[in-house]
Amino acid sequence: MGLFITFEGPEGSGKSTQARLLYERLQAMGYPVILTREPGGTRISELIRRILVDLRHTEMAPTTETLLFSAARAQLVSELVRPYLNTGGIVLCDRYADSTFAYQGYGLGRDLDELQAITTIATSGLQPDLTFYLDLDVEAGLQRKRSARDRVNEAKAAPNYTPPVEWNRLDARDLAYHQRVAAGFAELISNDPARWRQLSAEQPLETLAEAIYFAAEPFLERVPRLEPRR
Ligand SMILES: Nc1ncnc2c1ncn2[C@@H]1O[C@H](COP(=O)(O)OP(=O)(O)O)[C@@H](O)[C@H]1O
Ligand SMILES: [Mg+2]
């Protein structure tokens, strides 16, 4: 029931941007749709996110990191994703379980079978119908994020300023780590090609948004639209 679409890719590849654009488009078309993110998306999961991204938490053990991501995911799936899919709606999620395999598995070297077991518990086996991989050179993505961070730092003087992009503990890991993650994603895609759509994130964001909508369109048939608003 419903339609579950996730966005994956390296830092700065435009996942959050594209997830929002697709969300706005589907909403304008009258589809029942929600946009959420990982880690986060519920009150409890957002609290766990704060622990995960805090730059001061340099002592966090890889096992702790893995279990916290999984705990945040378990709450998101049970509180928000499953119930919304059960009503027949569309859930768009900015990152999901594939990130655990890429970041904690390929990136940090955790055993993939173990991760699979933890993930199955956390998600009760829920898999996306469709996953976009926004493909961008690791250094180019980190550079995009860094320049966004610098713009944020310059603007911080303004009161009530909400940073559009955060720079966090996981972004700050070294280039070799981010490259292992990217290679990991490539392997995940080749293991399950039917679920993934790989698109170059170097295109202008409007062109990329069009390609994403085009790929999602055939899946929309199963989702009844809401009555048009008057
Ligand atoms: N297609 C694109 N071309 C150039 N810059 C982009 C593109 N998509 C997003 N950006 C910029 O790159 C930065 C990171 O985008 P974001 O959507 O936050 O990526 P992610 O969520 O994958 O980390 C932002 O400053 C955003 O404006
Ligand atoms: Mg993002």
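List of remarks:
- A cut-off under 12 angstrom between Cβ atoms defines the neighbours of LEU205, and their net charge, with Lys, Arg +1 and Asp, Glu -1, is 0.
- Computed from backbone phi, the HN-Hα couplings of segment 192-205 come to 8, x, 5, 7, 9, 10, 9, 10, 6, 8, 7, 5, x, 5 Hz, rounded to whole numbers (Karplus: 6.51 cos²θ - 1.76 cosθ + 1.60, θ = phi - 60°; Gly and Pro given as x).
- Across segment 3-222, Cα-Cα distances exceeding 32 Å account for 14% of all pairs.
- Helical runs assigned H by DSSP (4 residues or longer) give the chain a calculated mean residue ellipticity at 222 nm of -14500 deg cm²/dmol, each run adding -39500 (n - 2.57) before division by the residue total.
- Signed unit charges on C-beta, dipole axis of the chain, positive-most listed residue PRO218, GLN203, LEU92: LEU92
- Between ASP137 and THR63, the FRET efficiency estimated from the beta carbon spacing at R0 = 30 angstrom works out to 0.45.
- Residue by residue, segment 89-100 carries 3J(HN,Hα) couplings of x, 9, 10, 9, 10, 7, 6, 7, 4, 4, 5, 5 Hz when phi is fed to the Karplus relation 6.51 cos²θ - 1.76 cosθ + 1.60 (θ = phi - 60°); x denotes Gly or Pro.
- Surrounding net charge for LEU76, when Lys and Arg each add one and Asp and Glu each subtract one, Cβ distance under 10 Å: 0
- Averaged over its residues, the chain has an accessible area of 51 Å² per residue, based on protein heavy atoms and a 1.4 Å probe.
- Descending by average beta-carbon neighbour count within 10 Å, the peptides 167-178, 64-75 line up as 64-75, 167-178, the highest first.
- Accessible surface of the chain, 1.4 Å probe, proportion on carbon and sulfur as whole %: 54 percent
- In terms of the mean number of neighbouring beta-carbon atoms within 10 Å, the peptides 207-214, 33-40 order highest first as 33-40, 207-214.
- Built amide H within the under 5 Å cut-off of ILE90, gap 5+: LEU3, VAL33, ILE34
The values are calculated or read from the model by the stated rules, or taken from the named source; none is laboratory data. Predicted model only: the values in this text are computed from it and were never measured. As a convention, Cβ positions derive from the backbone with ideal geometry for all residues, glycine included, and neighbour counts pool all protein chains shown. Remember, those area values only see protein heavy atoms, side chains included, never the ligands or the DNA or RNA. Shrake-Rupley method; radii C 1.70, N 1.55, O 1.52, S 1.80 Å.
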